[in-house]
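**Q** Structure below; questions to follow.
The values are calculated or read from the model by the stated rules, or taken from the named source; none is laboratory data. Given the structure is predicted, the values throughout are model-derived calculations rather than measurements. All Cβ positions, glycine included, derive from the backbone under ideal geometry; neighbour counts span all protein chains shown.
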Amino acid sequence: MRTTFINTLRDLARKDERIFLITIDMGYSVLEQFREEFPDRFLNTGIAEQNAIGVAAGLALSGKIVYVYSIIPFVTMRCFEQVRLDLAYNNANVKLVGIGAGMTYGPFGASHHSIEDIAIMRSIPNMTVLCPGDPIETEQLTRQSYEIKSPVYIRLGKNGEPKIHSEETKIKLGHATQVTEGNDLILITTSNMLEKGKKWVDEWKEEGISVRLISMHTIKPFDVQTVKELIDYNIPIITLEEHNIIGGLGSAVAEVIAESGKAVSFKRIGVPDKYSHYVGSHEFQREKFGIAKKPDIKFRK
Amino acid sequence: MQTDENEKLKTLANTIRKHVLNMVMYAQSSHIGASYSIVEILVALYTNILKIDPKNPTDPYRDKFLLSKAHGSTALYAVLAEVGFFPLEYLNRYYVNDSILPGHLDRESVPGIEFSMGSLGHGLSVGVGMAIANRQTKNPGCIFVLLSDGECNEGSVWEAIMLASHLKLANLNVIVDYNKIQSFGRTNEVINQEPVLDRWRAFGWDVCEVDGHNFDRLLDALRAPHTRPKVIIAHTVKGKGVSFMEDTLDWHYKSPNKEQYEQAMHELENLD
């Protein structure tokens, strides 16, 4: 996803000289080409996140469209007050690009994991929150983030994620994208769990269970209308995210269900409000938190 | 400077202090001491230094001023109104319900507020960003940021100081309001800042210190050319201008009662 992101940004930067990229001393082997192509529109602020966000705000208020790149915890939480005040309160045209959704940086440890970012970022007024799940979504949402004149948070995985959607799929910011049809169950995923969700749906299909898979790549503005329509199918709804069970996709869907006045079987799958003290790979971390294998669900036949 | 020009600036400074006193009295708000320490700095900037046009406040080539110690807002509002950014009557619409001017800065409130601020340690980074943007687009506008001394406790300030000198931002100017009192005590007793000048110098800035209430010294310092970012350490007195408010922690917080208001106004009027 990060390669798709930077290639898309380079393409945008060729067309619009207002685009500016700040890195907080991250991006080795990723950002070099951008730096070479646009040396006067690239800035490494050093390892100083608070300053990086303030500088980005100052550039944005001077007419630049600024993308700030780092690992998720550092570009969202280390500098949270600057994000809140300098970007959101001032409604600055700055895009935060975070690498390493969930436990992507598995063996690095919890300092580099990000399980709180969606909850935090979606609670900030003026902030758009984008959680693409594959390179197709990454490319199109990056392009659409450029059209938004207010702050945007883009939550990316890392590298090597497969394409889930076809090349022709149109991804529309603020609108959920349906991946598969299905009548037994609805599975809504966000961010880097799209791949896992698709795998589960394929496994269920072999068992004769048809699942409607929805990629909720935009967390804010949240596609309330689509969730309302999903409720009306009156089949179980499951949410899947590599994020704390509190405050993320599952919470956002639960809010819509709770206010719909309708009852529907519903389950949130995510990180169970714990930090990882496990040592191991991304997939190993998922296994330990119970989000690697599809849940055992009894279906009405 | 010509004596009559100097007298004019002193008179304006005194007018600003009276506006601030009226605002703080009417609203029963805090921070009058922090506003009084920066009056001469603001008057010097807005009358003689900043290339700005109140009739065209968003001119892209303007100089920009950021009051990072945004709790000194009343002084800034009074100066902006006096130089014509908005009507003087707005000063009566501060802090209270359904008014216009908030306790800290909101750039959506009135023209002339460059950035919404209130939490300390934000303004210099924003100023660095503005200075980078101007240099990159060959925009002649300069950036001025006013910090408080206590604000320099914030690590983010030093992150910005480092980057500004690394990039040799000669279009960036900082003034530190060194009034030597912060929220809960004497600045250098809370956490020592000395040697202040040496610290900034060691980080690669052009450094000077002045009496922050002396217009001649302030204007000389503000006009001095520089090839790197410049900091002016302005020695000031918290609550300057009213005897019982000067150099006290109390008047970081207190609002005047009727007697205090009358005495303060009496002192200010005697200065005219």
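**Q** Output the residues belonging to segment B:251-268 that are in contact (Cβ under 8 Å) with a residue 60 or more places away in the chain and surrounded by fewer than 16 Cβ atoms within 10 Å (Cβ to Cβ).
**A** The first filter runs over segment B:251-268 and keeps only residues in contact (Cβ under 8 Å) with a residue 60 or more places away in the chain, leaving B:251-256, B:261, B:264-265, B:268.
Residue satisfying the conditions is B:253 alone.
**Q** In segment A:13-25, what residues are crowded, with 18+ Cβ neighbours inside 10 Å and touching a residue at least 60 places away in the same chain (Cβ under 8 Å)?
**A** If the condition is that a residue be crowded, with 18+ Cβ neighbours inside 10 Å and touching a residue at least 60 places away in the same chain (Cβ under 8 Å), then A:19 is the only one that fits.
**Q** Now, a different point. Considering segment B:124-152 alone, what residues qualify as being at the interface with chain A (Cβ under 8 Å from one of its Cβ atoms) and within 20 Å of residue A:83 (Cβ to Cβ)?
**A** Correct list: B:124, B:125, B:126, B:127, B:128, B:129, B:130, B:132, B:133.
**Q** How many residues does segment A:185-216 contain that are in a loop (DSSP other than H, G, I, E, B), more than 19 Å from residue A:270 (Cβ to Cβ) and not aliphatic (A, V, I, L, M)?
**A** Start the filter on segment A:185-216 by keeping residues that are in a loop (DSSP other than H, G, I, E, B), which leaves A:190, A:207-210, A:216.
After this cut, where a residue has to be more than 19 Å from residue A:270 (Cβ to Cβ) as well, the list is A:207-210.
From what is left, the residues that are not aliphatic (A, V, I, L, M) are A:207-208, A:210.
Going through segment A:185-216 one residue at a time, the tally reaches 3.
**Q** Does residue B:120 satisfy the criteria of being among the hydrophobic types (A, V, I, L, M, F, W, C), in a loop (DSSP other than H, G, I, E, B) and farther than 25 Å from residue B:90 by Cβ?
**A** Details: among the hydrophobic types (A, V, I, L, M, F, W, C): yes; in a loop (DSSP other than H, G, I, E, B): yes; farther than 25 Å from residue B:90 by Cβ: yes.
The answer is yes for residue B:120.
**Q** Just a yes or no: is a residue in segment B:19-30 buried (at least 19 other Cβ atoms within 10 Å of the Cβ) and under 13 Å from the mean Cα position of the chain (by Cα)?
**A** No: zero hits.
Residue-by-condition table, conditions (1) within 15 Å of residue A:114 (Cα to Cα); (2) surrounded by fewer than 17 Cβ atoms within 10 Å (Cβ to Cβ):
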residue: A:217; (1), (2): no, no
residue: A:239; (1), (2): no, no
residue: A:249; (1), (2): yes, no
residue: A:252; (1), (2): no, no
residue: A:257; (1), (2): no, no
residue: A:266; (1), (2): no, yes
residue: A:276; (1), (2): yes, no
residue: A:287; (1), (2): no, yes
residue: A:294; (1), (2): no, no
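**Q** Okay, moving on. Given the conditions (1) of a type outside the set (Phe, Trp, Tyr); (2) on the phi < 0 side of the Ramachandran plot; (3) in contact with a Phe, Trp or Tyr (Cβ under 6 Å, 6 or more places away or on another chain), report the number of the one that residue B:146 does not fulfil.
**A** So residue B:146 meets the others, but not (3).
**Q** Check every one of the strands (runs of 3 or more DSSP E) wholly within segment A:1-120 and list those with 2 or more residues that are away from chain B (no Cβ under 11 Å) and either modelled with pLDDT of 95 or more or farther than 18 Å from residue B:127 by Cβ (or both).
**A** On the way: elements: A:19-23, A:42-44, A:65-71, A:94-99.
In segment A:1-120, the matching strands (runs of 3 or more DSSP E) lie at A:19-23, A:65-71, A:94-99.
**Q** Related question: Is segment B:118-128 home to any residue that is more than 29 Å from residue B:21 (Cβ to Cβ), at pLDDT 95 or above and not hydrophobic (A, V, I, L, M, F, W, C)?
**A** Filtering segment B:118-128 down to residues more than 29 Å from residue B:21 (Cβ to Cβ) leaves B:124-128.
Next cut, at pLDDT 95 or above only: B:124-128.
Pick out the ones that are also not hydrophobic (A, V, I, L, M, F, W, C) and you get B:125, B:127.
Yes - at least one qualifying residue is present in segment B:118-128.
**Q** Residue check, residue B:29 against (1) out of contact with any Lys or Arg (no Cβ under 8 Å at 6 or more places or on another chain); (2) at pLDDT 95 or above; (3) assigned to a helix (DSSP H, G or I), all met but one. Which one?
**A** (3)
**Q** So is residue B:113 closer than 22 Å to residue B:23 by Cβ, more than 10 Å from chain A (Cβ to nearest Cβ), crowded, with 20+ Cβ neighbours inside 10 Å and out of contact with any Cys (no Cβ under 9 Å at 6 or more places or on another chain) or not? Even if it seems obvious, please write down each step before you answer.
**A** Values: closer than 22 Å to residue B:23 by Cβ: yes; more than 10 Å from chain A (Cβ to nearest Cβ): yes; crowded, with 20+ Cβ neighbours inside 10 Å: yes; out of contact with any Cys (no Cβ under 9 Å at 6 or more places or on another chain): yes.
It is true that residue B:113 is closer than 22 Å to residue B:23 by Cβ, more than 10 Å from chain A (Cβ to nearest Cβ), crowded, with 20+ Cβ neighbours inside 10 Å and out of contact with any Cys (no Cβ under 9 Å at 6 or more places or on another chain).
**Q** Give me the pairs, please: first residue somewhere in segment A:258-277 and farther than 20 Å from residue A:293 by Cα, second residue anywhere and acidic (Asp, Glu) and surrounded by 13 or more Cβ atoms within 10 Å (Cβ to Cβ), beta-carbon distance under 9 Å, and either six or more positions apart or on two chains.
**A** none
**Q** Here is a follow-up. Take segment B:136-191 and flag every residue that is assigned to a strand (DSSP E or B), closer than 16 Å to residue B:209 by Cβ and touching a Ser or Thr at 6+ places or on another chain (Cβ under 7 Å).
**A** Residues of segment B:136-191 that are assigned to a strand (DSSP E or B), as a first pass: B:143-148, B:172-178, B:181-182, B:185-186.
If we keep only those that are closer than 16 Å to residue B:209 by Cβ too, we end up with B:146-148, B:173-178.
Once the filter is applied, which keeps residues that are assigned to a strand (DSSP E or B), closer than 16 Å to residue B:209 by Cβ and touching a Ser or Thr at 6+ places or on another chain (Cβ under 7 Å), segment B:136-191 yields B:146, B:147, B:177, B:178.
**Q** Would you be able to say whether some residue in segment B:199-206 is outside any helix (DSSP H, G or I) and surrounded by fewer than 14 Cβ atoms within 10 Å (Cβ to Cβ)? Reasoning before the result, please.
**A** Within segment B:199-206, the first condition is being outside any helix (DSSP H, G or I), and the residues that meet it are B:203-206.
Retained after the next criterion (residues that are surrounded by fewer than 14 Cβ atoms within 10 Å (Cβ to Cβ)): none.
No, every residue in segment B:199-206 fails to be outside any helix (DSSP H, G or I) and surrounded by fewer than 14 Cβ atoms within 10 Å (Cβ to Cβ).
**Q** Within segment A:152-175, track down each residue that is under 30 Å from residue A:90 (Cβ atoms) and buried (at least 20 other Cβ atoms within 10 Å of the Cβ). Walk me through it before giving the result.
**A** Residues of segment A:152-175 under 30 Å from residue A:90 (Cβ atoms): A:152-157, A:171-175.
Hits for segment A:152-175 are A:152, A:153, A:154, A:155, A:156, A:157, A:171.
**Q** Additional query: Whether any residue in segment A:127-137 is of a type in the set (D, E, K, R), away from every other protein chain (no Cβ under 14 Å), over 22 Å from residue A:245 (Cα atoms) and without any contact (Cβ under 8 Å) to a residue 12 or more places away in the chain is what I want to check.
**A** Of the residues in segment A:127-137, the ones of a type in the set (D, E, K, R) are A:134, A:137.
Narrowing the set further to residues that are away from every other protein chain (no Cβ under 14 Å) leaves A:134, A:137.
Subset that is over 22 Å from residue A:245 (Cα atoms): A:137.
Now drop any that are not without any contact (Cβ under 8 Å) to a residue 12 or more places away in the chain, which leaves none.
No, segment A:127-137 contains no residue that is of a type in the set (D, E, K, R), away from every other protein chain (no Cβ under 14 Å), over 22 Å from residue A:245 (Cα atoms) and without any contact (Cβ under 8 Å) to a residue 12 or more places away in the chain.
**Q** Considering only segment A:66-83, how many residues are over 26 Å from residue A:272 (Cα atoms), surrounded by 21 or more Cβ atoms within 10 Å (Cβ to Cβ) and not hydroxyl-bearing (Ser, Thr, Tyr)?
**A** Step one: filter segment A:66-83 for residues over 26 Å from residue A:272 (Cα atoms), giving A:66-69, A:81-83.
Checking which are surrounded by 21 or more Cβ atoms within 10 Å (Cβ to Cβ) leaves us with A:66-69, A:82-83.
Right, trim to not hydroxyl-bearing (Ser, Thr, Tyr) and you get A:66, A:68, A:82-83.
Residues in segment A:66-83 being over 26 Å from residue A:272 (Cα atoms), surrounded by 21 or more Cβ atoms within 10 Å (Cβ to Cβ) and not hydroxyl-bearing (Ser, Thr, Tyr): 4 in total.
**Q** Here is a follow-up. Which condition breaks for residue A:128 when tested against (1) under 29 Å from residue A:179 (Cβ atoms); (2) among the polar types (S, T, N, Q); (3) crowded, with 24+ Cβ neighbours inside 10 Å?
**A** (3)
**Q** Go over the candidates B:82, B:89 one by one and state the one that is assigned to a helix (DSSP H, G or I), acidic (Asp, Glu), within 17 Å of the chain's Cα centre (by Cα) and surrounded by fewer than 22 Cβ atoms within 10 Å (Cβ to Cβ). It would help to see each step written out before you state the result.
**A** Working: B:89 fails: within 17 Å of the chain's Cα centre (by Cα).
Only one candidate qualifies: B:82.
**Q** Can I ask one more? Within segment A:145-159, how many residues are in a loop (DSSP other than H, G, I, E, B) and in contact with a helix residue (DSSP H, G or I) (Cβ under 9 Å, 6 or more places away or on another chain)? Break it down stepwise before answering.
**A** Of segment A:145-159, the ones in a loop (DSSP other than H, G, I, E, B) are A:148-151, A:156-159.
Checking which are in contact with a helix residue (DSSP H, G or I) (Cβ under 9 Å, 6 or more places away or on another chain) leaves us with A:150-151, A:156-159.
Residues in segment A:145-159 being in a loop (DSSP other than H, G, I, E, B) and in contact with a helix residue (DSSP H, G or I) (Cβ under 9 Å, 6 or more places away or on another chain): 6 in total.
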